[in-house]
Structures are given as C-alpha cells and as structure tokens.
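See below for the structure under consideration.
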Amino acid sequence: MDNLTSCPLEIFSGTGGVGKTTLATSRAVFLAPTKKVLLITIDPAKRLKQILELDDNKTGTVEQVNLSNFEIESNSHFDVLLMHTLTTFKNLRKSKEKKELNVILRQLLGTYGGLNEIMSIIELNHHLESGRYDTIILDTPPGKNFIDFLKASHKIQAFFKPQFIKIISQLKDHSTKRSPRFLKQLLQSGIESLIKYLQKITGEEFIENFLTALSDIYEFTPEFQKAMQFQQTLANSSQVNWYLVTSVDQGKIDDAIKLYNSSANFLPKDHSVLINKSIDFIIPAECDEKTTTLIKSLQHRQNQLFENLGTHFSSIHAFTEVLESEPQKHVTSLAKQW
C-alpha cells in the first residue's frame with residue numbers, strides 16, 4: 001500500500017471489533033521514527049491500555065512509549081494519552097482557586113456522565129494548539145459513541161447559551177437581588193417552580209450541589225466556546241486525515257457504511273477506508289484443482305466486498321490478516337503495511 005501522507009490530526013473511527021485501536025497504534029508506530037506523535041484514545045473500553053500495557057495510575061497524563069517495545073531498532077518514541085474527563089477538568093482549574101469537586105460534578109465528569117465528548121474536544125484542542133506534535137492520532141469510541149463525539153460542539157452551543165448561564169449564576173447566588181425582569185423570566189421558564197419542586201423531593205443540599213456544579217462548569221465558558229470551533233477543523237480535509245476502519249466481513253462493512261452515512265453531515269467527503277483482516281490470496285503452484293477453486297471463490301467474495309465499499313469511498317486501503325498472538329508484534333506487523 002502506498003504511504004498515506006500524514007496530517008496534523010488523524011482520526012480513526014469505526015464500529016466495534018474491527019481492530020480500530022490496533023490500527024491507530026500501528027499508525028503511531030509507523031510515523032514515530034520521523035514525526036513527533038501523540039496517540040489519544042477516548043474509547044472508554046481502554047483497549048489501548050491493554051495493547052501498550054499502560055499504568056492505570058497514569059490515566060489522563062501523557063506517557064512515553066519507546067519503539068523498542070515493538071522490537072524496532074530505533075531510539076524514537078511516541079506519546080500516548082488515555083483520555084480521563086476528570087483530569088482534563090482539573091487541569092482547566094489549575095489557574096483557579098482549588099476546591100473539592102462536589103458529588104454531582106464528579107458524576108457529570110464520570111465515564112458515562114455526559115461530558116466525555118465535550119471534554120475530549122477540549123483536551124484535543126489543547127494539544128493541537130501546543131504545537132508540540134507533528135501529528136496527533138485520535139482513537140474514537142465505536143459506533144454511536146463516535147456520533148456523540150461529532151455532535152459535541154452542538155452540545156456546547158446548547159449548554160452555554162448566555163441566558164441560561166445568567167439564570168444559573170443568579171439562582172446560585174442567593175444574595176443577588178432579583179430584578180422584576182429576571183423574576184418574570186423565571187416564571188415564564190417555569191424554573192422557579194421546578195426548583196421548589198425538586199427541593200421537596202431531593203432536599204436543598206442536592207439543589208445547591210447541582211447549581212454549584214453548573215456554576216463551576218460555566219467558569220470555563222471561554223474554553224468551551226473555543227472548543228466549538230473544533231467542528232471547522234474536523235471539516236478541513238487539508239488538516240485532518242479521516243480513517244474509517246472496517247474488516248472483511250459483510251456485516252462489518254454494512255455497519256461501516258451506516259456509520260459513515262449517519263455522520264456524513266459532520267465529515268468531509270474525502271474519507272479513507274481501512275479494511276483490516278483482509279486475505280492476501282496466493283495460489284501455490286502445486287495446489288490441486290479443488291483447493292484452487294475454493295481459494296478463487298474466497299478471493300472473488302473479498303473482491304466483491306471491496307467493490308461494494310468502492311461505490312461509497314474513493315480511497316480504500318487493505319491490511320492483511322495478522323496472526324501474531326502478542327499485541328506488540330501484531331502492531332509491528334500492521335505498522336509495516338502502512
């Protein structure tokens with residue numbers, strides 16, 4: 001396969017079980033001898049941690065991975081980051097007064113708390129703007145979670161509406177004198193009644209924690225709003241390589257096409273497909289007729305799958321099946337195919 005030209009940002013997407021994370025890692029290994037590379041995963045399954053045998057205690061911090069780990073004779077390395085939403089938020093607060101995160105904010109920043117995609121964009125933006133790396137490789141969550149990642153900027157836009165921020169900040173500050181106009185806004189929105197109702201059910205402490213959590217998030221409105229511009233970067237194909245990963249299986253290929261169609265509004269048309277676990281059919285000279293017919297039949301079936309993808313994508317690259325049992329050797333074999 002011809003080498004694909006690297007970009008400042010390379011994004012690997014795909015459904016589960018197609019080798020997306022392994023291929024993303026192999027790309028980092030391939031580029032590392034000549035580029036400064038950062039590999040980030042926002043996949044909650046943490047497959048990357050297993051492949052690279054990373055330390056659980058260093059989740060959320062940048063670690064260095066030497067190419068010697070992959071039996072490659074080189075002094076080069078690449079950096080890797082396992083996305084951790086809570087750590088990203090704490091890093092945002094470094095310049096602020098240090099205070100303990102309340103229980104609701106911790107829930108919002110948890111693995112399934114709803115802020116993962118938004119905080120991932122902030123983390124990614126931070127490293128892109130740092131200028132430390134030639135290429136940042138992003139391993140995204142599979143399937144529907146990838147769509148959620150693409151929609152993160154829309155979530156930011158909805159969540160950080162100025163009028164909503166104003167209402168929350170004034171509700172939190174009990175000492176604030178509420179103007180008639182503000183009271184009218186509350187009555188029209190029904191928030192005042194909602195707050196009183198929730199206080200009866202959950203108690204005042206819950207409401208206080210809830211408002212404090214939102215207020216703490218709104219302290220960083222500029223950082224969140226800046227992340228909204230990330231959508232424009234994603235759509236700029238000159239700055240981003242998009243790789244949709246699938247495998248040689250009719251069901252996986254159908255899923256890949258559905259995933260792409262679902263995300264088409266957020267993606268550039270120039271999108272490369274990486275077909276993992278393909279078979280390099282070689283018919284031995286001494287092969288009997290029956291075996292030859294079988295191999296040709298399998299080859300024809302694979303070619304049909306490739307042709308099906310070809311009706312949707314102009315750039316298709318196949319990676320042959322790797323049978324290595326050790327993850328590092330598996331990655332090394334794939335890296336040689338770039």
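Computed values, structure above
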{"read-out": "Theoretical gain in end-to-end length, PHE306 to GLN225 [0.36 nm per residue, Cα-Cα removed]", "value": "25.1 nm"}
{"read-out": "Segment ASN261-LYS35, extension gain: residue separation times 0.36 nm, minus the distance between their alpha carbons", "value": "78.1 nm"}
{"read-out": "Local net charge near LEU54, Cβ-Cβ under 12 Å (Lys/Arg +1, Asp/Glu -1)", "value": "-1"}
{"read-out": "Extension gain (nm, one decimal) between SER325 and GLN299, 0.36 nm per residue minus Cα-Cα", "value": "6.9 nm"}
{"read-out": "Candidate aspartates and glutamates - alpha carbon under 13 Å from LYS151, same-chain residues fewer than 8 apart omitted", "value": "GLU117"}
{"read-out": "Per-residue SASA entry for LYS151, accessible area with 1.4 Å probe, Å² rounded to 10", "value": "90 Å²"}
{"read-out": "Mean Cβ count within 10 Å, highest first, over the residues of peptides 64-76, 323-335, 266-278, 285-297", "value": "266-278, 323-335, 64-76, 285-297"}
{"read-out": "Relative contact order of segment 227-322, pairs being alpha-carbon contacts under 8 Å that are 6 or more residues apart, as %", "value": "35 percent"}
{"read-out": "Largest to smallest accessible area among HIS312, HIS127 [probe 1.4 Å]", "value": "HIS312, HIS127"}
{"read-out": "Simple label model, 7 Å out from Cα along Cβ direction - GLN337 to LYS277, nm", "value": "1.2 nm"}
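The values are calculated or read from the model by the stated rules, or taken from the named source; none is laboratory data. On a predicted model such as this, the values are computed, not experimentally measured, just so you know. Positions of Cβ are backbone-derived with ideal geometry, glycine not excepted, and every protein chain shown enters the neighbour counts. These accessible areas exclude ligands, DNA and RNA; they are computed on the full protein's heavy atoms, side chains included. Shrake-Rupley method; radii C 1.70, N 1.55, O 1.52, S 1.80 Å.
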